[in-house]
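What follows draws every value from the coordinates through simple rules; no lab data is involved. Predicted model only: the values in this text are computed from it and were never measured. As a convention, Cβ positions derive from the backbone with ideal geometry for all residues, glycine included, and neighbour counts pool all protein chains shown.
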Amino acid sequence: MADDFTDAEKTATRLARQVGAKVERKLRAQRDPAPGVWFGLGLMGIVGWSVVVPTLLGAALGVWLDRHYPGAHSWTLALMAAGLVLGCFNAWVWIAKEDSAMHNRPDKHDGP
């Protein structure tokens, strides 16, 4: 009988921990609601523009250089590719910073 009681205690303790963890998650979700659909769409727009703007600036500078200083190689293609690489790197750094801020945010309600 004593073994059954310890098994029941273990089960109850495990169940209490699971319920406590679910309650904590629910309370945290109520305090800090998840970003909505508009946040995600805005994020996609910002990432898109952070790639498009350097690409178009590189292409515009390349067209100007091709018109004023023609050569054997196309400045337009080279600077457009450089702008694309710069824009993708910029978007990657920005997304990594936002992801880090979302996941490493200290919870101000947890106490000392």
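Within region 8-22, the only residue that satisfies the criterion of being among the aliphatic types (A, V, I, L, M) and either under 21 Å from Asn104 (Cα atoms) or in contact (Cβ under 8 Å) with a residue 40 or more places away in the chain (or both) is Ala21.
Selection of region 26-58 for residues being farther than 28 Å from Gly87 by Cβ and in contact with a Gly (Cβ under 6 Å, 6 or more places away or on another chain) yields an empty set. Residue count for region 83-104 under the criterion of being surrounded by 15 or more Cβ atoms within 10 Å (Cβ to Cβ) and in contact (Cβ under 8 Å) with a residue 40 or more places away in the chain: the result is 2.
Considering only region 39-59, I want to know if a residue exists there that is free of Cβ contacts under 8 Å to residues at least 12 places away in the same chain and surrounded by 16 or more Cβ atoms within 10 Å (Cβ to Cβ). No, region 39-59 contains no residue that is free of Cβ contacts under 8 Å to residues at least 12 places away in the same chain and surrounded by 16 or more Cβ atoms within 10 Å (Cβ to Cβ).
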